[in-house]
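Q: Pasting a structure below so you can have a look.
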C-alpha cells in the first residue's frame, strides 16, 4: 500500500470517528462558540511543546474527555521532534507554511510541504514530526484528553523530575 492510499484511509477513518464523537459530545455539552479572529485570546502553549508556541482553545478542554478545537501559533523555524498522540488528530494549516514528517526520521527536507489551506488527519499513535517554514497557525481538532509522547525522551521539553 502506498503512502497516499494509507494517508487517505487514515483521513477517512479519523473524520468518521470525529463525526461520531462530535454528535454525542455536542448533544451533551450544548456549547455554542463563535470567535472573530481578533477576539481569539492567545496564551502560552502546553509545556509539553517546545518553547515559542502560543495556543488558543476555541472549543472544549484538551485536558478532559470530549471534543476540542485548539489553535497553535508558532514562529518561523519552530520544530516538534518525532512524537505520537494517544488519539486521532485533524489539522488545518490556517496561515504560513509547515512541513509534516512521517516516521522516526527527523528530516526537514524529506517532510511533506503544507502551505496555508492544507489539511491532514493523523491516526492515533502515528509517529510524525512538525516543522514551521514560516510563522504558522494551525488548528488542531481532536478528542481529549490530549497528549504528546516523544519518541526520544530527550526531545521532551517538560521539566524532568
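Values quoted throughout were computed directly from the atomic coordinates according to the rules given, and no laboratory measurement underlies them. All of these numbers come straight from a predicted model, not from anything done at the bench. All Cβ positions, glycine included, derive from the backbone under ideal geometry; neighbour counts span all protein chains shown.
Q: Is the C-alpha gyration tensor of region 48-161 telling us rounded, prolate or oblate? Criteria: a/c under 1.5 is rounded; beyond that, a/b larger than b/c is prolate, otherwise oblate.
A: Taking the square roots of the gyration eigenvalues as a ≥ b ≥ c, region 48-161 is rounded.
Q: Based on the Cβ-Cβ distance from residue 51 to residue 151, what FRET efficiency comes out when R0 is 22 Å, to the nearest 0.05?
A: So the FRET efficiency works out to roughly 0.65.
Q: Further, regarding this structure: What FRET efficiency comes out for residue 107 versus residue 41 if R0 is 35 angstrom and r is the Cβ-Cβ distance? Round to the nearest 0.05.
A: 0.50
Q: For the pair residue 33/residue 64, report the inter-label distance in nm, with labels modelled 7 Å from Cα in the Cβ direction.
A: Here the answer is 1.2 nm between the modelled labels.
Q: On to the next question. Determine the gain in length on full extension of the stretch residue 76-residue 161; use 0.36 nm per residue of separation and subtract their C-alpha separation, reporting nm with one decimal.
A: 27.6 nm
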